[in-house]
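The numbers here are math on the coordinates, done by the rules we state, and not lab data. Fair warning: this is a prediction, and the values are worked out from it, not measured in the lab. Neighbour counts run over all protein chains shown; Cβ positions are idealised from the backbone, glycine included.
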Amino acid sequence: MRVHTYEKAFLIVGAALLVVFMIALTYTSVAMGIHLPGKVAMVDPAALATTPPFDQPGVRQTGDNTYEAVVVGQAWQFLPGEIRVPAGAEVTFILTSRDVIHGFHVERTRINIMMIPGQIGKTTYTFKTPGEYLIICHEYCGAGHHFMFGKVIVE
Ligand SMILES: [Cu+2]
């Protein structure tokens with residue numbers, strides 16, 4: 001079998017790029033600790049009403065400039081539907097779902113996390129610019145999916 005010179009060069013470049021991507025991926029995940037937000041713990045979705053912190057969804061101040069937003073997703077709303085934090089504060093979102101899989105995406109930010117029944121999701125973000133940020137469910141969750149939204153108000 002005769003492999004054309006250009007074809008050979010293309011294969012070599014393609015293979016080399018794959019190696020470069022694997023090294024970059026390994027470096028960012030292992031050395032820099034950058035990874036997708038994943039489950040941090042399990043929770044019984046039927047017992048959310050009696051399981052802290054989900055028994056009291058809402059925003060709490062946890063330090064000088066740090067806040068914790070506990071949010072429960074359910075058909076078809078976020079609890080709480082409105083999250084108020086001061087500009088520049090570091091906000092840790094702790095999320096789960098009461099019923100089916102929902103999505104939690106805050107527009108104009110990198111916050112994009114799944115709300116999975118039984119799992120607790122966690123992500124931290126600092127809102128630098130004051131304003132209203134729309135929270136949308138980006139995982140189809142039933143008839144009222146397109147009405148499922150909330151907002152983060154940065155003051
Ligand atoms: Cu939805």
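Overview of values
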{"item": "For the chain, built as a Gaussian network whose Cα springs stay under 10 Å, the top-fluctuating residue of I94, I136, I12", "result": "I12"}
{"item": "Kirkwood hydrodynamic radius of segment 60-120, Cα pairs, Å", "result": "12.2 Å"}
{"item": "Distribution of pairwise C-alpha distances over the chain, 5 Å bins, in %", "result": "2, 9, 15, 17, 15, 11, 8, 6, 5, 4, 4, 2, 1, 1"}
{"item": "Extension gain from F10 to R108, taking 0.36 nm per residue of separation minus the Cα-Cα distance", "result": "31.5 nm"}
{"item": "Among I23, I116, I34, residue whose mean-square fluctuation peaks in a GNM of the chain (springs only between Cα atoms under 10 Å)", "result": "I23"}
{"item": "Largest-first principal axis extents of the Cα set of segment 17-72 (Å)", "result": "50, 33, 13"}
{"item": "Spin-label model distance (nm) - A87 vs M22, 7 Å beyond Cα toward Cβ", "result": "4.7 nm"}
{"item": "Euclidean distance of C-alpha centroids, segment 31-91 and segment 104-121, integer Å", "result": "10 Å"}
{"item": "Using θ = phi - 60° and Karplus 6.51 cos²θ - 1.76 cosθ + 1.60, couplings along segment 127-138 (whole Hz; Gly, Pro as x)", "result": "8, 8, 9, x, x, 9, 10, 6, 9, 10, 7, 10"}
{"item": "Among H102, H138, H35, residue whose mean-square fluctuation peaks in a GNM of the chain (springs only between Cα atoms under 10 Å)", "result": "H35"}
{"item": "Unit charges at the beta carbon, dipole of the chain: most positive-side option, I94, H4, A47", "result": "H4"}
{"item": "FRET efficiency, H35 to V3 (Cβ-Cβ, R0 41 Å, nearest 0.05)", "result": "0.60"}
{"item": "Residues of type aspartates and glutamates that K128 reaches as a straight line, Cα spacing below 15 Å, ignoring anything fewer than 8 places off in the same chain", "result": "E90, E107, E155"}
